[in-house]
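Here the structure comes first, spelled out in structure tokens, and everything after it is commentary.
Every read-out reported here was derived from the displayed coordinates using simple, explicitly stated rules and does not represent laboratory data. Remember, predicted model here, so these are calculated numbers, not experimental data. Because the Cβ atoms are built from the backbone with ideal geometry, glycine has one as well, and the counts that use them run over all protein chains shown.
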Amino acid sequence: MRHLSAFALVVLALLMPLVAARVGAALPPAPQRVPVIDVTDLYHPHQDVGDNLDLIAAYALPTVELRAVILDAHARFRKPFRNADGVGYDDATGPRDAGFIPVLQLNDLFDRRVPCAPAPYAEMRSLNDRMEDAPRFQQAGVELLLRALRESRSKVHILSFGSARPVALAFNRDPGLMRRKVARIHLCAGASPAGYLEWNVMLDRRAFVQVLRSGLPTAVYPCANERSPFELGPNNTYWKLPNLECVRRMDPRLQSYLAYAFERSARSDFLNAVEERPDPAAIARIAVREHHVWETSVWAQVAGLRLVQRPGVGGRLVPAAEVRPGDVAVPERLVPCRLRVTDDGQFTWERTSKPTPHAIFQRDDPARSQAALREALPALYESFRTPGAPTSG
């Protein structure tokens, strides 16, 4: 028996690697994480509170690996100002600054150490401007973007929700690095069809033009059509959520984070504020607000999510590998295009089957996409959990 046991042990030792390999092959693969740098015109207090809400996805989506947040603040929006016609733009909301606080809050809640830094506040003076004479503090964002690219072993996706100035400056300073390490720039800006000078382009026209003329792989997600940023269209990403009732069912710590943002809190202990139980009155006020959305489709493309109508539950954003036979696709895609941009920031495009660095966002039926997203986005955000959070809200 002792000899037989020894023999059996030898056989078992030889077979174990094969058994383990077969078991490992049967397990579903871990989701592949996409390295991302988020360039955002995020402020505190907010200018557009949607930026605070959308940043949650950068931390919570399991297929996104957030490497850095570049704060694209602008000089004139840091204080109340009046336009040339004397009309006050921000008198009611008061001054604001680059959104360090929301990033630090989400680092705390998700137990992360995502670095953030500001880029230069002023507009570029020429297409090739490197802005190396900007204040040293404002250089940190461009330097962080380039450092994150250098340190990455794989190519990185850059998402731009603002002026695109940090991206243009990074290209002007080190075009070789950008060509080697950028998987794709996802440029959330512009209008299609042309005719409306969209907000993000207006922030720095030269930056927008330089990125589109750089030859870098770039997907354009227009934020407006030829008339307005608040209309549905086949190429713009805009849609409207009639209310934010979903906030009532979110992770309580994310509720507190959103209450701090939506209520324009001035608490100096901003980490304590998101670690405490949410204020029911604040959540009730948030829940009845309508909400304008531009970023969801961008994050879905980067994270590999598909918009579907799922029998019995409605619209859902699901990983491509988890689309079920009964799901009905609501197509949103990037299509290759030949793109031409003029010096004033307007662009035209046409589809092409030839090699091109450019693609543009397209959805088959904007109204149908909006209807599906009105169910899909709440379900997605209700599923997000911070580390250690209970599994049910």
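Taking every full run of DSSP H in the chain, the ones that stretch at least 20 Å from end to end by Cα along their long axis and average 0.0 or higher on the Kyte-Doolittle scale are 2-26.
Geometric descriptor of the chain, per residue, is 204 Å³ (volume of the convex hull of the Cα atoms).
With contacts taken as Cα pairs under 8 Å and at least 6 residues apart, segment 34-383 reaches a relative contact order of 16 percent. Cross-link partners for K181 among the lysines, with Cα-Cα distance under 26 Å and sequence neighbours closer than 8 places in the same chain left out: K155, K354. Inter-part distance, segment 157-177 to segment 362-379, computed on C-alpha centroids, equals 30 Å. Calculated [222 nm] ellipticity per residue, helices only, for the chain: -11000 deg cm²/dmol; basis is -39500 (n - 2.57) per DSSP H run with n ≥ 4, divided by all residues, nearest 500.
Scanning the chain for GluC sites (Glu not before Pro) that sit in a DSSP loop and have at most 15 other Cβ atoms within 10 Å, the longest stretch containing none of them is 1-131. For the chain, the share of DSSP beta bridges that are antiparallel, to the nearest 5, is 45%. For segment 34-383, a crude dipole built from +1 on the beta carbon of Lys and Arg and -1 on the beta carbon of Asp and Glu, taken about the Cα centre, is about 1020 debye to the nearest 20. Each of K181, K155 was scored by other Cβ atoms within 10 Å of its Cβ. Listed from fewest to most, they are K155, K181. Charge tally around L71: other residues with Cβ under 10 Å, Lys/Arg +1 each, Asp/Glu -1 each, net -4.
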